[in-house]
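Visitor: For reference, the structure I am asking about is given below.
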Amino acid sequence: MIRDIFLTRHEDVGSAWRSLRGQTDLRLREIACVGAPRTLLLAELGDPRLPVVSISAGVHGDEPAGVWALLSLVRDGLLDPRYSYRLWPCLNPTGFDAGTRENAEGTDVNRSFGRGGNSPEAKAILTANRDRMFELSIDLHEDHEATGFYLYETAPPAWRGSYARPITAALSAAGFALQDLTPDFELGPPGAEVAQVRSHGAVVVDATREAPFFGGALPLGLVLVRRAAPCALTFEAPRTRAPDERIAMLRVAVVEALRRLGGEGSERYA
Ligand SMILES: [Zn+2]
């Protein structure tokens, strides 16, 4: 499966998730995209009374490693059972099939979450998430320019950036390269640097200060931390590396984020 991720289609993603239903208590639903002939797969896992973690992948159609990493995390039982999960296996099905960043209408879905949603996909996600609160939000991406892994930790001001260090340390400990985020490495819209604190492999973002630079074309993470989650993590696997390595990096990052959420990891890296 992993060997062929560039050849897979969205229907393969759907059938791979459906094949997991017997193995776990996975609940699958198709969420309608109003005004577009497509649906988004939504997977829920775990006891709904537990605190909820949101994990999504594939909002950019040309970043398949996140899609297969998320599936493999569920398949291999790596999601911490102390939480329940709201999982979006592939947020941009038409982009995934076309191998494009944008959806079929040419919209960058991850710049369409402002004002209730400016794409069929964003509208569907925001409607389905209405009144939901999350302990943490994680979005899986790939970066075409990067040679190492990096992450965005996005939260309101006064956030201490408590995920960045343990996660980058876990990646290093597993033998993976981290991206050197020098000032010339582009992260978000022009000007947004004033809202970012960069370190090796991580950028901690002040959501309140960064949002205006997107001019209403907001990414999912920024919208979630406004009302629905205390922190949004965006993981970026380096597209220049082999697919298996990118998937492995994203898996390590998700597992470590959940450990950190559970209060572990802080001593190790203090
Ligand atoms: Zn992306």
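We did not get these values from a lab; they are worked out from the coordinates using the rules stated. Please read all numbers here as calculations on a predicted model, not as lab measurements. Every residue, glycine as well, gets a Cβ built from its backbone with ideal geometry; the counts of neighbours run over all protein chains shown.
Visitor: Sort largest first and round to whole Å: the equivalent ellipsoid semi-axes of region 1-145, each the square root of five times a Cα gyration tensor eigenvalue.
Guide: 22, 19, 13
Visitor: With charges only on Cβ, +1 for K and R and -1 for D and E, what is the dipole size of region 152-270 about its Cα centre, in debye, rounded to 20?
Guide: 320
Visitor: A further question on this structure: Between SER84, SER199, SER15, where does the largest GNM mean-square fluctuation fall for the chain, given springs only between Cα atoms within less than 10 Å?
Guide: Of SER84, SER199, SER15, the most mobile in the Gaussian network model is SER15.
Visitor: Additional query: If you count the DSSP beta bridges with both ends in region 1-96, what percent of them are antiparallel, to the nearest 5?
Guide: 65
Visitor: Compute the Rg/Rh shape ratio of the chain: radius of gyration over Kirkwood radius, all on alpha-carbon atoms.
Guide: Looking at the chain, the ratio lands at 0.93.
Visitor: Could you order the peptides 149-161, 232-244 from most to least packed, using the average number of other C-beta atoms within 10 Å per residue?
Guide: Peptide ranking by packing, descending: 232-244, 149-161.
Visitor: Quick check on region 49-201: of the DSSP beta bridges with both residues there, what percent are antiparallel, nearest 5%?
Guide: 0
Visitor: Further question: Sort 93-100, 183-190 by packing, meaning the average of other beta carbons within 10 Å per residue, with the highest value first.
Guide: With the highest mean Cβ count within 10 Å placed first, the list reads 93-100, 183-190.
Visitor: Placing unit charges on C-beta atoms (Lys and Arg positive, Asp and Glu negative, everything else neutral), compute the dipole magnitude of the chain about its Cα centre in debye, rounded to 20.
Guide: Using Cβ point charges on Lys, Arg, Asp and Glu, the chain gives about 840 debye.
Visitor: Still on this model: Among PRO48, ALA253, LEU187, whose Cα projects farthest towards the positive end of the dipole of the chain, with charges put on the beta-carbon of Lys, Arg (+1) and Asp, Glu (-1)?
Guide: After comparing all options, I get PRO48.
Visitor: Dipole magnitude of region 57-98 about its Cα centre, charges +1 at Lys/Arg Cβ and -1 at Asp/Glu Cβ only, in debye to the nearest 20?
Guide: Value, rounded to 20: 240 debye.
Visitor: Also, quick follow-up: Between SER199 and residues 5 or more places away or on another chain, which pairs have amide H atoms under 5 Å apart, with H built 1.01 Å from N, and which residues are they?
Guide: It is VAL204, by chain and number.
Visitor: Take every DSSP beta bridge whose two residues both sit in the chain, then give the antiparallel share in percent to the nearest 5.
Guide: 45
Visitor: Computed from the mean reciprocal separation of all distinct C-alpha pairs, what Kirkwood hydrodynamic radius does region 1-65 have, in Å?
Guide: 13.7
Visitor: Over the chain, what is the relative contact order in whole percent, taking alpha-carbon pairs under 8 Å and six or more residues apart?
Guide: Value for the chain: 22 percent.
Visitor: Let me ask something else. Scaled to the compact-protein estimate 2.2 N^0.38 Å, what is the alpha-carbon radius of gyration of region 87-213, rounded to two decimal places?
Guide: 1.14
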